Amino acid sequence: QTSPSPPPIQLHPATPLKRQYTTMLQRFALSSIRRSTSSWLTTCSAGAASSPSSWMPSSALMTPTLATSSPSSLASISAQHPSQTPSITIRSRSSRSRRGLYDGKDVRFGNNVPFSMKKTRRRWNPNVQIKRIYSEVLDEMIPFHVTTSALRTIDKYGGLDQYLLKSKHVSTKGEGEGQRARNRVVQKMKHREQLKKEAIA
């Protein structure tokens with residue numbers, strides 16, 4: 001005895017097979033969307049009922065991306081999201097770069113990458129030279145440990161004195177060569193102004 005064959009699939013006679021298949025897919029997609037929407041609304045209502053003032057959806061609690069690293073933008077972000085302030089690491093300057101005129105240049109670290117891709121650690125030292133630079137205010141040649149980048153910047157500023165007074169890489173505090181020379185230049189300029197006032201009086 002042969003087993004009875006399964007009954008054939010009943011299709012609508014006026015609708016093609018391809019159209020019926022697409023309508024089935026559309027119904028499945030709509031039902032899944034409805035389920036996800038209802039679950040999300042249930043979660044929102046439960047969270048809002050528990051703490052209506054401080055509750056927010058999970059999509060709104062994402063960490064904001066920084067377009068700029070200015071202090072004002074960081075302050076605004078920390079005020080809006082105090083618990084999710086992004087951590088920013090600022091690399092400290094080496095003690096050697098504090099001693100001379102390095103113009104922001106410092107030791108950099110990285111890898112040598114050969115064809116075999118076996119990386120070995122290495123370092124890039126700044127191009128530091130020992131030069132004597134003329135100061136117009138002090139009227140003398142002052143020796144410095146100076147980088148070639150700083151020499152070009154000194155030419156841009158129009159001399160050593162203008163570089164020491166206007167550059168952001170030379171601060172008023174510290175015991176470096178640039179700080180000591182800057183303090184001497186400032187004292188000399190103040191002394192000249194005082195002499196001028198006494199001469200006029």
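Looking only at segment 104-149, filter to residues that are over 30 Å from residue 190 (Cα atoms) and small (Gly, Ala, Ser); which one of those is nearest to the chain's Cα centre (by Cα)?
So the residue we want is 110.
Looking at segment 150-173, which of its residues are in contact with a strand residue (DSSP E or B) (Cβ under 6 Å, 6 or more places away or on another chain) and more than 12 Å from residue 185 (Cβ to Cβ)?
Passing the criteria: only 150.
If you scan segment 174-201, which residues turn out to be surrounded by fewer than 18 Cβ atoms within 10 Å (Cβ to Cβ) and of a type in the set (Gly, Ala, Ser)? I'd like the intermediate steps shown before the answer.
First, the residues of segment 174-201 that are surrounded by fewer than 18 Cβ atoms within 10 Å (Cβ to Cβ): 174-175, 179-180, 183-184, 186-201.
Matches in segment 174-201: 174, 199, 201.
Throughout, read-outs are computed from the coordinates displayed, never taken from laboratory work. In this text, all values refer to a predicted model and were calculated from it rather than measured experimentally. FYI the Cβ positions are ideal-geometry reconstructions off the backbone, even for glycines, and counts take in every protein chain you see.
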